[in-house]
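Enquirer: Below are the structure tokens for one structure; questions will follow.
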Amino acid sequence: MEDSVSVKSSDSTAVSDEFEIINGQTVVTASSLPQLKIAGDGSLEGLWQCLGEMLKEDIDNTQKEEMSVDENDEVEHSQNENIEELGDVHQDCTIFNGVSYLGAAAINAPKSDTEIQRNMVILNESIVEAIKVSISIPSCSDGSVVLYDGITNSVMQRYEICRILFYAHGKPNSNEAACFAFTWTHGDTLESSIFQCHVFRCDIPEAVGQVSACFMKAFQRVPKSLSTSINGELPTEGELLSNIGNIQVFVLDLTMDIKEDDGKGNFNAVPRDRSCFKLRCNIEKQVCLTITQVATEGQKKLEVKRCFGVLIAPGKHVKHSDMQLLDMASMGSEKVDDTSYVITGLWDPKDAAFELLNTETEGRDKKVYLTVAVDLVVRGITEPVRLLVETQVRVYHQGERFWYFTRRPLIQPFSLNLKEVMSLDNEPNYEVVSIETSGEIDRSRLNLTLNNLASYIRSPSITSMDTLTPRDDYNSDGDEPLLSGTGNVSKDCSVSDLESWRDVLTKWSGARPRQLGPLVRQGIPEALRGEVWQRLANCDSDTAVMDNYRILITKESNCEAVIQRDINRTFPAHDFFKEGSGGGGQDSLFRISKAYAVHDTEVGYCQGLSFLAATLLLHMPEEQAFCVLLKVMYDYGLRELYKDGFECLRLRLYQLNRLMEEQLPQLYHHFQDKGVESHMFASQWFLTLYTARFPLYFVFHIIDVFLLQGTDTLFQVALALLTMCKKDLLQLDFESILKYFRVTLPKKCRNYEVARGLMKVACCIKVKKLKKYEQEFLDMKEAEENADKCTSELERLKCELVRSEEEKKRLEEQLVQVKDMLKREVEKAEEDNRRNCSIIDGYKAICERLDKEQQGARNSLNSLMSLVASCEKCSHLELKVGANGSPTNNKGIEESDSHLMQRVTELELELAQAKLAQVEAECKNQDLTHKLGATLSEMQAARNSWPPWLSKTLTSIKEAAVNKGTLQRRESDSADSPA
């Protein structure tokens, strides 16, 4: 079976037949006992054995189907295969044939996917003839991965699942697509442990997906609480009480969102209305899950190491065997927030298993259930953790359009009750006792009353702040800070105050009445705040903004995920903003925050805005709250604090520092000595208008005065708070001061009278020098900018100087090279000149010698002629003398004359050659002079930067060259004159 992978799977609920098709006929190959898997902890082992003995005689001839995985992941019969019988498998498992064992390699990082992939590549490329094996993968974490020899079917090796640290498969569309590997540890202690990576290759690449699914099932161990909830059973009260004292509770938030393909390669979140997702049929989808731990201060952080997969199935209370594994698109920690683990699975709705979820639901109120499960491996927990979500969905036509909806994801909390167990590495390890959630529970299935159910479930909801913050925390003086939204605001108001406000509101038609200021500074009655705030902000009749708001909430914003994340953090102590409270505060806050982000694209969404928006929503509807929010941001200048890199916030903090230096000098210098800067405590005050930390009645009173007089209120309240706490702050160090501002100071304002007195003091503080301090800041900023410019200019000049020095050095080197070249050429010209002069001197000497010889010959001839003429014996000889006096008829004389004429010709030729050499030398001298002139012309541009000595040197060289050329021409002329 080298060309196929056969799978023999033992079902957990029924007896399956095993058969094989050979030459078109069905042949029985083997039989085995049925595998019965009963929910629980294995207490029915005896019953299982009894049933096995009873059924043994009836199933001896039972057929089992041996199937193979084809390239389309569809199961079809395998033909022309040889029958193989493996050894006894004493575990519930799945056996894969047609697998090659490539070998093992030592590995230092057993949980590093990168190193495992590298070893996979090396072994796959280097091993040509691998060992043919069959591999048995168990269906639970108590079993072992068993290797069988492909020929003898004997057991080769066993690998306990508990010792397998990591599993990985080859990357798709690569040479390793048919490979998979796992790391196994040898040794009993961490010091003696040796980690090995075992690599395998399937003959059919598509079988790797089935192997991965089986490994995922093997790594998974379903907790007792999950199995009992699925089967409609609850643990006994004694089982729960036995674990009390060693149990730690960890809370995880699972956020689920479903996205659909928009046809452009992107996935957009589907709408969700009243806990029901609205889906379109025949559109590819993504299931996005985010797991975040909600940990109190000091609690251990749970780290999600990896995810085995996401499984979904239509229906409610589904079995694990009915769930389908999704292909993973991505998983890992968020870059922005490492405490969140994000998983994305691809959902093909056209799969036959999802037919119910891909069929349009009939009827207006009809919905179907969707069950989603995610299996996580958490560091420190000895077994995988399964989080199960059941939600309703409604399926629409593929072309359905949703115009007005909210894209709010499903958020479900899970409470992990963990018991600490011993570990070898001295790190805290935990065992899962139970997993509880506040999701919907079917009471008819459990057959329990609500009172009985409450005795078993410990953590009703993470969104119920009672589980995290006790009721007496508001009056506690511990280290925990106050939650935003703390404090009850009384709506009681005296008759005299109502009469005063009635008179003011009656007179308030255009300009503000004079009596309005004192009344607002005393505090607006809670019953009138919504109306008075709108009128103070001049938006009580601005209907255009309200109409625009209804349009803005229908638009999309890229800040929606961040807004949704911050909603749970905004006023968590107030019932109106608790999820599931029925107040609808979170939905309204999400819409108003998104609308502002869409409206103000320059600022977008900032976390501080949600606290201000929540404050407004407590007093007026969404439209009016959005209108007041725009007025506060634009007309009151709050948005300037968020712009230009918080430059305006820096101005406000500088003004606060100058006010502290003037009015609280002792505290100001104490902060300077301890290194406490104003932005460490005042940034949040200014950006949120004190709404994030302080009790509500104090926050409302601050907003009253702020809407009346504007930005001055920020400084007045800050100075009032610092004045009240001056004595305490002067005795604290750096860390204690920051903790005081975060914890102690807000708690000091819990008393209504203290808060009222603070606002009275704040309204009396004078801040008239704000304009002066603003000008100082602008001057200081301008000076800093000028200093920065000067610094930049200085750096530029330094760079320019360095470049000039480098250029000067380069020119000096070139000058030295030119000097050397000119020196060599001048020496060569002088040598040629000396050689030419010696040749000319020799020519002159030869000419003089020949003249003398010729004159002597003439004299001898004349004397000889005279002697011949006077001699009687020789007088008969006729001597003919030419015009020049030389004899013409004498043969000896003629030969002598011929020799002399030949010598003269040779001398003339030598003279001509000497003149030619002299001309060539003069041409070379002229060429060198021309080159020197050209070089001097090129260097003339940079002559200003040359030192004086360089100019003088070049001038001297030029004059010397000119003089030497003149001298050579004169000598040449004098040499030519005798010729």
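The values are calculated or read from the model by the stated rules, or taken from the named source; none is laboratory data. As the structure is a computational prediction, the values presented were derived from the model and not from experiment. So basically every Cβ, Gly included, is an ideal-geometry build from the backbone, and we count neighbours across all protein chains shown. Ligands, DNA and RNA are stripped out before the accessible areas are found, and what is left, the full protein with its side chains, is counted by its heavy atoms. Shrake-Rupley method; radii C 1.70, N 1.55, O 1.52, S 1.80 Å.
Enquirer: Leaving ligands, DNA and RNA out of it, work out the accessible area of residue 343 with a 1.4 Å probe and give it in Å² to the nearest 10.
Expert: The accessible area comes out at roughly 0 Å².
Enquirer: Are there any trypsin sites (Lys or Arg not before Pro) in segment 552-627 that are in a DSSP loop and have at most 13 other Cβ atoms within 10 Å? List them by number.
Expert: Passing sites in segment 552-627 are 555.
Enquirer: Sticking with this one: Segment 599-641 to segment 317-333: how many Å between their Cα centroids?
Expert: Value for the Cα centre distance between the two parts: 41 Å.
Enquirer: Just to confirm a number: summing +1 for Lys and Arg and -1 for Asp and Glu over residues other than residue 371 whose beta-carbon lies under 11 angstrom from that of residue 371, what do you get?
Expert: Surrounding charge for residue 371 is 0.
Enquirer: Out of 765, 814, 749, whose Cα points farthest toward the positive end of the dipole of segment 737-816 (charges: +1 Lys, Arg; -1 Asp, Glu; placed on Cβ)?
Expert: It is 749, whose Cα lies furthest towards the positive end.
Enquirer: Residue 327 accessible area, nearest 10 Å², 1.4 Å probe?
Expert: 110
Enquirer: Now for a different question. Give 594/760; 819/924; 491/748; 300/726 a once-over and call out the pairs whose C-alpha atoms are over 27 Å from each other.
Expert: 594/760; 300/726
Enquirer: Under a plain spin-label model, where a point goes 7 Å from the Cα along Cα-to-Cβ, how far apart in nm are residue 765 and residue 967?
Expert: 9.6
Enquirer: Now a separate question. I'd like the accessible area for residue 508: 1.4 Å probe, protein heavy atoms, all chains in place, Å² to the nearest 10.
Expert: 20
Enquirer: Suppose the chain between residue 804 and residue 131 were pulled fully straight at 0.36 nm per residue; how much longer would it get relative to their current alpha carbon spacing?
Expert: 235.1 nm
Enquirer: Expected output is a single nm value to one decimal: the length gained when fully extending between residue 870 and residue 317, i.e. 0.36 nm times separation in residues minus the C-alpha distance. What is it?
Expert: Full extension from residue 870 to residue 317 adds 182.3 nm.
Enquirer: Keeping all protein chains in place and using 1.4 angstrom, which order do 596, 605 fall into by accessible surface area, from largest down?
Expert: 605, 596
Enquirer: For the peptides 380-388, 839-847, what is the packing order when you average, over each peptide's residues, the other Cβ atoms within 10 Å and list the highest mean first?
Expert: 380-388, 839-847
Enquirer: If DNA, RNA and ligands are ignored and the probe is 1.4 Å, what is the ranking of 574, 930 by accessible area, most exposed first?
Expert: Listed by decreasing accessible area, they come as 930, 574.
Enquirer: Okay, next question. Take the alpha carbon atoms of segment 643-666, find their center, do the same for segment 528-569, and report the distance between the two centers in whole angstrom.
Expert: Between the Cα centres of segment 643-666 and segment 528-569 lies a distance of 30 Å.
Enquirer: Moving on to the next point. Dipole size in debye (nearest 20) for segment 712-810 around its Cα centre, Lys and Arg Cβ +1, Asp and Glu Cβ -1?
Expert: 760
Enquirer: For segment 204-215, what does the Karplus curve 6.51 cos²θ - 1.76 cosθ + 1.60, with θ = phi - 60°, yield as ³J(HN,Hα) per residue in whole Hz, taken in order and with x for Gly and Pro?
Expert: 10, x, 5, 6, 4, x, 5, 5, 4, 5, 5, 5
Enquirer: What distance in nm separates the two pseudo spin-label positions at residue 508 and residue 904, each 7 Å out from Cα along the beta-carbon direction?
Expert: 14.0
Enquirer: Kindly list the residues of segment 751-781 that lie in the label zone of residue 790, defined by a backbone N under 16 Å from the point 7 Å along the Cα-to-C-beta vector.
Expert: 779-781
Enquirer: Under a 1.4 angstrom probe, counting protein chains only, how are 369, 148 ranked by accessible area, largest first?
Expert: 369, 148
Enquirer: Starting from the Cα-Cα distance between residue 862 and residue 156, subtract it from 0.36 nm times their residue separation and give me the gain in nm to one decimal.
Expert: Stretched fully, the residue 862-residue 156 segment lengthens by 240.5 nm.
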